[in-house]
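To start, the structure under review is shown below, and the notes come after it.
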Amino acid sequence: MEKLPTLSGITAQVKTAFVNVFIVSIFTVSFTNAQSILSPKTLFEYACPQDSFNKFEVAVEIEPADFANDNNFFIELSDKNGDFKNPTILTVSENSNDATFFYAEFAFPDNVYGENYRIRARSTSPEFISEASTPFAAHYINNLYLTLNNYEDVTLCSEESETQIAINSAGDYTYHWFKDGEFYVAAGAEITVNEPGLYYAETFLGSCTGLAYSNVISVTEGEDETQVEVFPGLEVQLRAGDIQEFTATGSDTYKWMNEIGEIISDKSIANIDEAGIYTIEATSGNCKVTKNIVVTLIEDDALDITENDEEINALKADTKQIPSFISPNGDNVNDKWVLPESLSSDSNVEVMIFTANGTPIFETNNYQNNWPNESIASNTNAATNIVYYMIKKEGEAIGKGSITVVQ
């Protein structure tokens, strides 16, 4: 596993190497009388300052023969490109005129962010400026722990959908994004994702990258539009004066609205008694599915024409015999929901049973009068429970209602 960078990049070898170079340099300088400030030696390879750690050193070698007693040495920092047009003063050394070299300790400003900073030394009496140091990287870490997407996982609503994830309160940085532990993309504080996976980000800080990172969030695939169903359908004919009950399944929450946007129900069931175009919004996680329902009124004679199929009419008549009460307590009385013979054991008849919030608990063709089974125990712990059913013949709804289950 790759070792993370240290906070300062300081190594004992750097300091030892400087002392060795100084011994050779002092021997050479002793033969001259002119003032001299050599290029400062940074005692770190790169700098990762932060609020909890911001202490660094530079070594400065000088020939002090003619520096005045009031001389000061200014240690100055360039911009991120190595330019000293507007240098930043890191520290001032006031008592180093009698030394042949000295160490200057300083803290970086909190806006350093770059790969080519340099340091120089400047004297005031007389005025001299040293050569610049070797370039080095410095990145101030304002926030070690990033918050990604407010710690919230997200859901893709379909295979073609996409969503945005973002770092909260992000700075003006480049971030390295990772998916499932592998580098994904270098980008800003927000990216668009269209694939499931585990995502996190690190602030790009040059040699300091890896010290500031975010939490991990999960991106998963959610339910698509085809999983949200509305019974008895999206186009319904209604006889004047009747009330049609609509039931939605396949989502977590629902909102039914009329043509002018008024909410008529926030449950999985809505009762409609007027013609019009209605809208249902089904929401699961951050996924929303919208469907329109067209309800039209028909006259009695038109209704008779559409219901002239004798078999369908007979089946609809039989639905009046469907029991609305069962007591599956093992006494062999009303233990099972028994349909009329015309509605059971027929592969063209579809039977669906679902909870009050629209969750399906039983669905079959060719019903064998064998419900309830183990599914009822997993969907209620109450002594009395009400569930709902829908019966279709070759796709046409022929019966619906409720069943009271007494344990």
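For this structure, a couple of remarks:
- Scan of region 58-79 for residues that are of a type in the set (D, E, K, R) and crowded, with 18+ Cβ neighbours inside 10 Å, ordered by number: 61, 63, 76
- Complete set of residues in region 87-100 that are at pLDDT 95 or above and part of a loop (DSSP other than H, G, I, E, B): 87
- Residues located in region 117-133, provided they are of a type in the set (A, V, I, L, M) and more than 50 Å from the chain's Cα centre (by Cα): 129
- Selection count where residues are within 13 Å of residue 218 (Cα to Cα) and aliphatic (A, V, I, L, M), scope region 167-200: 2
- Given (1) in the same structural domain as residue 103 (by TED's automatic domain parsing); (2) polar (S, T, N, Q); (3) in a loop (DSSP other than H, G, I, E, B); (4) surrounded by fewer than 18 Cβ atoms within 10 Å (Cβ to Cβ), index of the condition residue 116 fails: (3)
- Residue check: residue 103 meets all listed conditions (1) in a loop (DSSP other than H, G, I, E, B); (2) more than 40 Å from the chain's Cα centre (by Cα) but one, namely (1).
- Residue count, region 282-297 (criterion: modelled with pLDDT of 85 or more and surrounded by 18 or more Cβ atoms within 10 Å (Cβ to Cβ)): 3
- Residue within region 234-257 that is of a type in the set (D, E, K, R), modelled with pLDDT of 90 or more and within 30 Å of residue 401 (Cβ to Cβ) present: yes
- With respect to (1) touching a residue at least 24 places away in the same chain (Cβ under 8 Å); (2) loosely packed, with under 15 Cβ neighbours inside 10 Å; (3) in contact with a Phe, Trp or Tyr (Cβ under 9 Å, 6 or more places away or on another chain), the lone exception for residue 175 is condition (2).
- Of the residues making up region 80-100, those that are buried (at least 16 other Cβ atoms within 10 Å of the Cβ) and of a type in the set (A, V, I, L, M, F, W, C) number 2.
- Counting only strands (runs of 3 or more DSSP E) that sit wholly inside region 204-262, those with at least 1 residues that are among the basic types (Lys, Arg) and farther than 13 Å from residue 291 by Cα are 235-239.
- Given (1) farther than 21 Å from residue 269 by Cβ; (2) surrounded by 14 or more Cβ atoms within 10 Å (Cβ to Cβ); (3) at pLDDT below 75, number of the condition residue 349 does not satisfy: (3)
The values are calculated or read from the model by the stated rules, or taken from the named source; none is laboratory data. Predicted model only: the values in this text are computed from it and were never measured. Note: ideal-geometry Cβ built from the backbone for every residue, glycine included; neighbour counts use all protein chains shown.
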